[in-house]
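Student: So that we are looking at the same thing, I have put the structure below in structure tokens.
The values are calculated or read from the model by the stated rules, or taken from the named source; none is laboratory data. No experiment lies behind these values; they were computed from the predicted model shown. When we count neighbours, we look across all protein chains shown, and the Cβ atoms used for this are built from the backbone with ideal geometry, even at glycine. Heads up: the accessible areas ignore ligands, DNA and RNA and are worked out on the full protein's heavy atoms, side chains in. Shrake-Rupley method; radii C 1.70, N 1.55, O 1.52, S 1.80 Å.
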Amino acid sequence: MRIIFIAGPAFSGKSIYIERNFPEAKTVKISTFNKIAYEAIDNEELETLAKNAWLYCKEALQNTIRTAGADDTVILEHQLLKKDDRAFYLDAVREVTDEPVELIVMDPDEDMIERMLNFEKSFIMLHVYEKGKMELPEAQEGFARIEIAHPVFNEDDFKR
């Protein structure tokens with residue numbers, strides 16, 4: 001089994017990278033659980049659901065690993081901007097397996113991001129904000145391999 005965390009700020013190309021490089025992977029996406037939180041009726045419900053999104057994602061990751069076969073690739077698609085965020089999910093993996101975990105951090109060309117987002121200022125600002133918050137991973141965090149990916153997008157990607 002291969003376990004990979006794909007990390008990076010919003011709109012950095014995580015999903016596109018996974019589609020191109022790991023089309024058969026079993027993927028757990030934090031965005032799936034965040035969508036539930038965004039549909040909350042009021043602020044109190046939103047806060048509760050937002051806190052629980054991480055726990056639901058953790059549980060989904062663990063269950064996906066438990067049911068994966070020896071030849072499967074399991075991917076966690078998540079921003080993982082902070083070291084503590086990565087440790088939370090790395091610890092979750094360690095609760096169910098001691099398989100090595102790889103980390104791929106997306107670092108796209110900023111001009112390409114602007115074109116892909118059609119110069120939509122709010123999306124670009126979110127990307128820049130999250131990129132500024134990202135703590136670069138360190139070897140001692142416990143990953144078997146850390147890679148910085150510089151994805152290249154094509155015109156079809158701009159139409160998403």
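Student: Can you name the residue in region 74-125 that is over 15 Å from the mean Cα position of the chain (by Cα) and among the hydroxyl-bearing types (Ser, Thr, Tyr) and is also nearest to residue 3 (Cα to Cα) among such residues?
Tutor: Only one residue tops the list, namely 97.
Student: Moving to a separate point now. Could you list, in sequence order, the residues of region 93-108 that are surrounded by fewer than 19 Cβ atoms within 10 Å (Cβ to Cβ) and in a helix (DSSP H, G or I)?
Tutor: The one that is surrounded by fewer than 19 Cβ atoms within 10 Å (Cβ to Cβ) and in a helix (DSSP H, G or I): 94.
Student: Kindly indicate whether residue 140 is assigned to a helix (DSSP H, G or I), open to solvent by 50 Å² or more (accessible area, probe 1.4 Å) and modelled with pLDDT of 90 or more.
Tutor: So residue 140 fits the description; yes.
Student: Among the residues of region 38-55, is there at least one that is assigned to a loop (DSSP other than H, G, I, E, B), at pLDDT below 95, within 21 Å of residue 145 (Cα to Cα) and of a type outside the set (Ser, Thr, Tyr)?
Tutor: Scanning region 38-55, I find no residue that is assigned to a loop (DSSP other than H, G, I, E, B), at pLDDT below 95, within 21 Å of residue 145 (Cα to Cα) and of a type outside the set (Ser, Thr, Tyr), so the answer is no.
Student: Being exposed (fewer than 12 other Cβ atoms within 10 Å of the Cβ) and in a loop (DSSP other than H, G, I, E, B) is the filter here; which residues of region 62-76 pass it?
Tutor: Answer for region 62-76, where residues must be exposed (fewer than 12 other Cβ atoms within 10 Å of the Cβ) and in a loop (DSSP other than H, G, I, E, B): 69, 70, 71.
Student: In a helix (DSSP H, G or I), charged (D, E, K, R) and touching a Leu at 6+ places or on another chain (Cβ under 6 Å), is that true of residue 86?
Tutor: Here the answer is yes, as residue 86 does meet what is asked.
Student: Where the second residue is open to solvent by less than 10 Å² (accessible area, probe 1.4 Å) and in a loop (DSSP other than H, G, I, E, B) and the first is within 11 Å of residue 105 (Cβ to Cβ) and among the aliphatic types (A, V, I, L, M) and lies in region 1-23, which pairs have Cβ atoms under 8 Å and are six or more apart or on separate chains?
Tutor: 6/78; 7/78; 7/80
Student: State yes or no: is residue 152 touching a residue at least 12 places away in the same chain (Cβ under 8 Å) and either open to solvent by less than 60 Å² (accessible area, probe 1.4 Å) or touching a His at 6+ places or on another chain (Cβ under 7 Å) (or both)?
Tutor: So residue 152 does not fit the description; no.
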